[in-house]
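For reference, the structure is listed below as structure tokens.
The values are calculated or read from the model by the stated rules, or taken from the named source; none is laboratory data. In this text the structure is predicted, and so the values were computed from the model without any measurement. Backbone-built Cβ (ideal geometry, glycine too); neighbour counts: all protein chains shown. Calculation scope for accessible area: heavy atoms of the full protein, side chains included, ligands and nucleic acids excluded. Shrake-Rupley method; radii C 1.70, N 1.55, O 1.52, S 1.80 Å.
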Amino acid sequence: SVRPIEVQVGLVAQASGSARLRLGATDVIVGVKAEVGSSHRDDPNCGRLQVAVECSPCASPQYEGRGGESWGQLLASTLEAGLLQGPGSCSGPAASVLRGLCIISGKAAWSLYIDALVLNDAGGVLGALSAATLCALHATRLPRVTVSQGGGEEGGGGGAAEIELDDDGAGVPLTGLESLPLLVTMAQLGLQPVTDPGALEEASASGMLHVAVDSSAHVCGMHQEGPKGVDPATLVALTETAVVVGKSTLHSLQMFLSSAAVVQ
């Protein structure tokens, strides 16, 4: 069973969107910063998305010294891979979100910088980060954009397009978020599958399986880790359990987010 989940959104005033999520004793916070930049290099009609994770040395003994930096890079790359087909890609589950970030095709688009901080790691930190990221993106509001044609040298138009941002209003929510998946962690202890493993279960597991599941119960990707990996004989059962858990958890999160009054 999944440990109790507690979510708070809109906590970081300087961020475009933010969420703090507790999964049992695991505690993470995610902020989203939106900036206007150039269009995606592979698709002129897409924006950009980038993930960074910082692990507090106080969160776990394994994060002390340079261990925290290495774990942060691994968590960030796995999170980003769950949203995109590859680093910097404009395909994958987040493609519809990236297309909604376009301002001027081939010239300007929003870039989303997702910065996460692990405050305490009591197991299942990747799943907690994934859920917190989805909540932070749902809470994100972009300034309203007005694009006007520049006047040119003689004021007759034809100059470069000018972008004006209106930060005074409530802002515009992101689109396409319903396609984003949630990462669900399964552990294998002997032949016993464990859903949402705690720290001790992770340390004892022979293999871990992280499955990206969307709201339609589709598997968007998976990642294995651990000393021996997941036994192929139990891979299907672990994946099927992850799909059930992922769909249920996503439904619960979406119910909360749709009823929450998010004030940025």
Task: Potential lengthening between GLU69 and LEU191 on full extension [0.36 nm per residue; Cα-Cα distance subtracted] - done: 40.7 nm
Open item on the list: Running a GNM on the chain with Cα contacts under 10 Å, which residue among PRO232, PRO57, PRO93 ends up with the highest mean-square fluctuation?
Closed with: PRO232
Open item on the list: Running a GNM on the chain with Cα contacts under 10 Å, which residue among GLU225, GLU162, GLU54 ends up with the highest mean-square fluctuation?
Closed with: GLU162
Task: Spin-label model distance (nm) - SER252 vs ALA217, 7 Å beyond Cα toward Cβ - done: 1.8
TODO: Could you pull the accessible area for ILE5 with a 1.4 Å probe, rounded to 10 Å²?
DONE: 70
- [ ] Specify which residue in the list LEU75, GLY92, SER252 is farthest towards the positive end of the charge dipole of the chain, using unit charges on the beta carbon of Lys, Arg (+1) and Asp, Glu (-1), about the Cα centre.
- [x] SER252
- [ ] Using a 1.4 angstrom probe, figure out how much accessible area the chain has per residue, in square angstrom, rounded to the nearest whole.
- [x] 48
Task: Point-charge dipole on Cβ atoms (K/R +1, D/E -1) for the chain, about Cα centre, debye to 20 - done: 380
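Carbon and sulfur: what percent of the chain's accessible surface (1.4 Å probe)?
Numbers: 6610 of 12630 Å².
Heavy-atom surface of the chain belonging to carbon and sulfur, 1.4 Å probe: 52 percent.
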Open item on the list: For MET255, what accessible surface area do you get with a 1.4 Å probe? Give it in Å², rounded to 10.
Closed with: 110
Task: Partner aspartates and glutamates for LYS107 [C-alpha distance under 13 Å; skip if fewer than 8 residues away on the same chain] - done: ASP42, ASP43, GLU162
TODO: Binning at 10 Å from 0, report for region 1-49 what percent of all alpha-carbon pair distances ends up in each bin.
DONE: 23, 31, 26, 17, 3
Task: Residue-span extension gain [LEU200 to GLN50] - 0.36 nm each, minus C-alpha spacing - done: 50.9 nm
- [ ] Go from 0 up to the bin containing the longest alpha carbon distance in region 1-105, width 5 Å each, and give me the % of pairs per bin.
- [x] 2, 12, 15, 18, 21, 16, 9, 5, 2, 0
Task: Principal axis dimensions, largest first and in whole angstrom, of the chain by Cα - done: 76, 39, 33
Task: Listed residues ALA233, LEU11, VAL213: farthest to the positive end of the dipole of the chain (Cβ charges) - done: ALA233
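In region 164-249, how does Rg compare with the Kirkwood Rh, expressed as the Rg/Rh ratio over alpha carbon atoms? Walk me through the numbers on the way to the answer.
Values: Rg = 17.2 Å, Rh = 14.3 Å.
Reported Rg/Rh, Kirkwood definition of Rh: 1.20.
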- [ ] Give, in nm to one decimal, the length gained when the segment between GLU6 and CYS58 is fully stretched (0.36 nm per residue of separation minus the Cα-Cα distance).
- [x] 16.6 nm
TODO: Taking the dipole about the Cα centre of the chain, with the C-beta of Lys and Arg at +1 and of Asp and Glu at -1, give me whichever of GLN188, ILE114, CYS46 is farthest to the positive side.
DONE: GLN188
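How large is the charge dipole for region 1-119, taken about the Cα centre, if only the Cβ atoms of Lys, Arg (+1) and Asp, Glu (-1) carry charge, to the nearest 20 debye?
The calculated dipole for region 1-119 is roughly 240 debye.
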TODO: May I ask you to order 68-81, 21-34 by the average number of other C-beta atoms within 10 Å around their residues, highest value first?
DONE: 21-34, 68-81
Task: Partnerless cysteines, meaning none of the other Cys C-beta atoms lie under 4.7 Å away, in the chain - done: CYS55, CYS58, CYS102, CYS135, CYS220
